[in-house]
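Below: the structure, in structure tokens.
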Amino acid sequence: MPTIITNTTPFNDQKPGTSGLRKKVVHFQQAHYLENFVQSIFDSIGDYKGKTLVLGGDGRYYNQEAIQVILKMAAANGFAKVFVGHNGILSTPAASVIIRKKQTYGGIILSASHNPGGPDEDFGIKYNTQNGGPAPEKITDAIYARSKTITHYTTLDTETTIDLSHLATHNLNGMRIEIIDSVSDYALLMNELFDFSAIKDMIANGFTLCFDAMHAVTGPYATEILENQLGAAEGSVINGIPLEDFGGGHPDPNLVHAHLLAELMFSEQSPDFGAASDGDGDRNMIVGNNIFVTPSDSLAILTANAEQVPAYRGKITGVARSMPTSQASDQVAKKLGINSYETPTGWKFFGNLMDAHKVTLCGEESFGTGSSHIREKDGLWAVLFWLNILASRKESVADIVHQHWQEFGRNYYSRHDFEAIESDKANRLMSGLRDKVKTLTGKQLGTLTVSYSDDFSYTDPIDNSISEQQGIRIGFSNGSRIVFRLSGTGTSGATVRIYYESYETDTDKMNQDTQHALNELINLSLIISDLPSLTGRTEPTVIT
Ligand code: G1P
Ligand code: ZN
């Protein structure tokens, strides 16, 4: 029987960010904490009674326990049905696929994305709506408001544990629970989008690849699709078993954290293609033999080559990128005569544009790329898009990238992160910059002239909602940019992110070292922001 629990302290103390609520596991383990947040979600999403929910997560520590808590609460609150991923596993893109395909009311995804997992690490929870995308701000604001004042939650007074390890159906106080295969709906959609037989032929003809699943959620997806369906040699997927602590690693696909893959791709033994994905499977890193493809370039290259892919041929209405993402995709959009949008950081801003058919492809510099096939970024989808292009063009990754630069120019690009900075220092840095940018336009800084400087504000072209203070932009007359913003997803202290970009059309200057090519901008950013004296830091903690 449903029971109402009224002792609901502690309250949630953090506004859910662009990717839901993320906290240390121990924070979630406090009595009533998870329950309060789940009830706050249910209280903020309208009339869900009798409706269906999708539930799953990236398999990190506390995933299974949280699922049991949520199932009881969903039953007690009147949901009719919940689809749960086998063993509680659903990648973020697979959850989005299933919400859309089964036309459910929404879904709850348990993940802290690329953050480490384990008893002392991070956990997270987010709600996705029926378009398969992250809840819009009006819902996350309502959830937050509710979570600060909630006085009770409803759950079942039962010790029952639902067996998640078998594909079966269960009845929990009148609510149906269906444990579903985590991979099959996703794999089916990928088969519909891409030319699997061309990729299969390429692999059968000797093309080699390595996919690093980083002991995170994409292991079973990549093994099924790349090895079983496309015929890549056994062992092409490495670190393919999802572990609760990701094997102690940091499941973030970049050259720093996926260093084994990075070393392989820059060695004599390099396969033709390398890729990695993050904790919950929505991010991707693409590497060729001796070449790293920046996520910004990857978005531009996918857009420029969409004609090679059956489902996208003649179907690209536009491309959107987050503001700090390089302007490489803008060049492609201009040439193709398609829409081009610059949105604030975070995937949810793309959803409206895709729902309105304004854009088909979108991406972020933070290793996220995706399309209107779902409403989340999608790691394996990007990998398959690349494989489809490679199979169709029959050229190497390096050749494709170099030809792209020659045609559209090269956007040198890098992001420097200064992590774990005390929040008040980081806030002082940003407010100082906010003042400074008011007077920078037209000024000469070193060899560069500032053509615009502002704190990015975005008016959504579909619902006219306004998002302010989305990051400081300093643009120069030669196409270079510096962007400053604070991370919205960290769990300890503040992270200052500085993004650098320069634009090169001279083919003789297209093969420089990236940090070298951006050196003047890097030095300038430290002077403009006063970062060294305000934070005591001179070197970033992570460079991507
Ligand atoms: C980071 C990325 C951003 C991405 C988000 C969720 O957010 O920078 O592009 O959408 O993770 O994956 P940030 O920590 O910068 O706020
Ligand atoms: Zn992620």
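Filter the range 17-59 for residues that are touching a helix residue (DSSP H, G or I) at 6+ places or on another chain (Cβ under 7 Å), within 16 Å of ligand 1 (Cβ to nearest atom) and in a loop (DSSP other than H, G, I, E, B) and give the result. Listed by number, the list holds a single entry, Thr18. Going through the range 272-289 one residue at a time, which ones are touching a Leu at 6+ places or on another chain (Cβ under 8 Å), more than 16 Å from ligand 1 (Cβ to nearest atom) and closer than 24 Å to Phe246 by Cα? Of everything in the range 272-289, those that are touching a Leu at 6+ places or on another chain (Cβ under 8 Å), more than 16 Å from ligand 1 (Cβ to nearest atom) and closer than 24 Å to Phe246 by Cα turn out to be Phe273, Gly274, Ala275, Val287. Listed by position, the strands (runs of 3 or more DSSP E) enclosed by the range 103-178 that each have at least 2 residues that are of a type outside the set (S, T, N, Q) and open to solvent by less than 40 Å² (accessible area, probe 1.4 Å) are 106-110, 122-129, 153-156. For first residues located in the range 295-311 and under 13 Å from Arg410 (Cα atoms), partners that are surrounded by fewer than 24 Cβ atoms within 10 Å (Cβ to Cβ) and lie 6+ apart or on another chain with Cβ distances below 6 Å form the pairs Ile301/His404. Within the option set Leu34, Leu53, Leu21, being within 16 Å of ligand 2 (Cβ to nearest atom) and either at pLDDT 75 or above or buried (at least 17 other Cβ atoms within 10 Å of the Cβ) (or both) holds for one residue only, Leu21. Looking at this structure, is Phe408 crowded, with 20+ Cβ neighbours inside 10 Å and either at positive phi or at pLDDT below 95 (or both)? No; evaluated as a whole, the condition is false for this residue. If you check Asp297, Asp282, Asp330 for being at pLDDT 95 or above and open to solvent by 30 Å² or more (accessible area, probe 1.4 Å), only one passes: Asp330. Got a number for residues in the range 487-544 being under 29 Å from the mean Cα position of the chain (by Cα) and among the acidic types (Asp, Glu)? The qualifying residues number 4. Taken over the range 513-528, the residue count meeting the criterion of being closer than 22 Å to Ser366 by Cα and either in contact with a strand residue (DSSP E or B) (Cβ under 8 Å, 6 or more places away or on another chain) or touching a residue at least 12 places away in the same chain (Cβ under 8 Å) (or both) is 8. Residues in the range 337-369 that are touching a strand residue (DSSP E or B) at 6+ places or on another chain (Cβ under 6 Å), closer than 17 Å to Ala95 by Cβ and of a type outside the set (A, V, I, L, M, F, W, C) were compared, and the one that is surrounded by the most Cβ atoms within 10 Å (Cβ to Cβ) is Gly368.
Among the residues of the range 443-479, those identified as within 15 Å of Glu501 (Cα to Cα) and outside any loop (DSSP other than H, G, I, E, B) are Leu448, Thr449, Val450, Ser451, Tyr452, Ser453, Ile472, Arg473, Ile474, Gly475, Phe476. Would the range 263-270 turn up any residue that is under 25 Å from His373 (Cα atoms) and buried (at least 24 other Cβ atoms within 10 Å of the Cβ)? So far as the range 263-270 goes, no, none of its residues is under 25 Å from His373 (Cα atoms) and buried (at least 24 other Cβ atoms within 10 Å of the Cβ).
If you scan the range 180-224, which residues turn out to be of a type in the set (A, V, I, L, M) and either within 14 Å of Ser277 (Cα to Cα) or touching a Phe, Trp or Tyr at 6+ places or on another chain (Cβ under 8 Å) (or both)?
Ile180, Val183, Ala187, Met190, Leu193, Leu209, Ala213, Met214, Ala216, Val217, Ala222
Among the residues of the range 300-322, those identified as open to solvent by less than 10 Å² (accessible area, probe 1.4 Å) and small (Gly, Ala, Ser) are Ala300, Ala306, Gly318, Ala320, Ser322.
Results for (1) touching a Cys at 6+ places or on another chain (Cβ under 8 Å); (2) in a strand (DSSP E or B); (3) closer than 21 Å to Asn523 by Cβ; (4) at pLDDT 95 or above, shown as yes or no for each residue.
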{"site": "Leu429", "(1), (2), (3), (4)": "no, no, yes, yes"}
{"site": "Leu433", "(1), (2), (3), (4)": "no, no, yes, yes"}
{"site": "Lys436", "(1), (2), (3), (4)": "no, no, yes, no"}
{"site": "Thr441", "(1), (2), (3), (4)": "no, no, yes, no"}
{"site": "Thr491", "(1), (2), (3), (4)": "no, no, no, no"}
{"site": "Arg497", "(1), (2), (3), (4)": "no, yes, yes, yes"}
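Residues in the range 60-81 that are assigned to a loop (DSSP other than H, G, I, E, B), out of contact with any Pro (no Cβ under 9 Å at 6 or more places or on another chain) and open to solvent by less than 30 Å² (accessible area, probe 1.4 Å): Phe79 alone.
Within the range 364-384, restricting attention to residues that are within 12 Å of ligand 1 (Cβ to nearest atom) and small (Gly, Ala, Ser), the residue that is nearest to Asn352 (Cα to Cα) is Gly370. Each residue in the range 520-540 was checked for being surrounded by 14 or more Cβ atoms within 10 Å (Cβ to Cβ) and of a type outside the set (Asp, Glu), and 12 of them qualify.
The values are calculated or read from the model by the stated rules, or taken from the named source; none is laboratory data. Note that the coordinates shown come from a computational prediction; the quantities given were computed from them, not determined experimentally. Don't worry about glycine lacking a Cβ; one is built from the backbone with ideal geometry, like all the others, and counts go over all protein chains shown. For the accessible areas, the whole protein counts, side chains as well, though only heavy atoms, and no ligand, DNA or RNA atoms are used. Shrake-Rupley method; radii C 1.70, N 1.55, O 1.52, S 1.80 Å.
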